[in-house]
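Since every read-out is calculated from the coordinates, none of them should be taken as a lab result. These figures come from a predicted structure and were not determined experimentally. Using ideal geometry, Cβ is built from the backbone for each residue, glycine included, and neighbour counts are taken over all protein chains shown.
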Amino acid sequence: MITFHQLAKTRRSIRAFTKQNIKKEDVALCVETARFAPSACNSQPWKFVIIDDPLLKDQIAKRVLSGIHKMNYFAVNASVYIALLKEPTKMPAWLGGKVRNTDFHRIDIGIACSHLVLQAQDLGIASCILGWFNERNLKKLLKVPFYKKIELLIALGYAKKIELPKKILKNKNTTMSFNQY
């Protein structure tokens, strides 16, 4: 059995996917796991839109991952996309965020996203979290109201390469300390 540490250590952003489809129940499990993520005041400020329709995925490739956003064009081979939208937070979380000058909804969405991609990793599904995409066109394709925000687009698929890219981390002494800065 793999430990959580091993799972987190082996998760990478994959940029080369096979054509193999992902079972709907596996995608649903990834999203269901993300729903259990903690959030400020239990606001759960997210909505997950799963995109697995081949025609819609082709439109995303043409209208969302092209032009100035073509650096993420590799994701056109993903089996599934998941658009992660911001939803309203509860008043105490919103107010606390204003007082602290902290975007709790973004922290919450990041935690949910982490849960999702780690669950995918546990199932042998590769992922890449995209922050650079044509949000306006994606909203049109998904019929998302103009006043909503798509924070992230997650590409899921099976990795072409078995060998993981080397992960280069900062020295742990520069990123961790006890009891003082």
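Observations on the model:
This table checks each residue for (1) exposed (fewer than 14 other Cβ atoms within 10 Å of the Cβ); (2) touching a strand residue (DSSP E or B) at 6+ places or on another chain (Cβ under 7 Å).
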site: Arg15; (1), (2): no, yes
site: Gln20; (1), (2): yes, no
site: Ser43; (1), (2): no, no
site: Ala83; (1), (2): no, yes
site: Pro88; (1), (2): yes, no
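- Selected residue [surrounded by 10 or more Cβ atoms within 10 Å (Cβ to Cβ), out of contact with any Ser or Thr (no Cβ under 7 Å at 6 or more places or on another chain) and among the basic types (Lys, Arg)] from Lys148, Lys160: Lys148
- Exactly one residue out of Gly96, Gly124 is at positive phi, not polar (S, T, N, Q) and not in a strand (DSSP E or B), and it is Gly124.
- Taking the criterion of being part of a strand (DSSP E or B) and of a type in the set (A, V, I, L, M, F, W, C), the residues of region 129-156 that qualify are Ile129, Leu130, Ile150, Leu152, Leu153, Ile154, Ala155, Leu156.
- Screening region 40-54 for residues that are assigned to a loop (DSSP other than H, G, I, E, B) and over 16 Å from the mean Cα position of the chain (by Cα) and picking the one that is nearest to Gln20 (Cα to Cα) gives Asp53.
- Odd one out for Ile82 among (1) in contact (Cβ under 8 Å) with a residue 60 or more places away in the chain; (2) over 22 Å from Asp26 (Cβ atoms): (2)
- Residues that are buried (at least 18 other Cβ atoms within 10 Å of the Cβ) and either touching a Phe, Trp or Tyr at 6+ places or on another chain (Cβ under 6 Å) or touching a residue at least 40 places away in the same chain (Cβ under 8 Å) (or both) occur in region 98-105; there is at least one.
- Qualifying residue in region 70-90 (condition: among the hydroxyl-bearing types (Ser, Thr, Tyr), assigned to a loop (DSSP other than H, G, I, E, B) and farther than 24 Å from Arg136 by Cα): no
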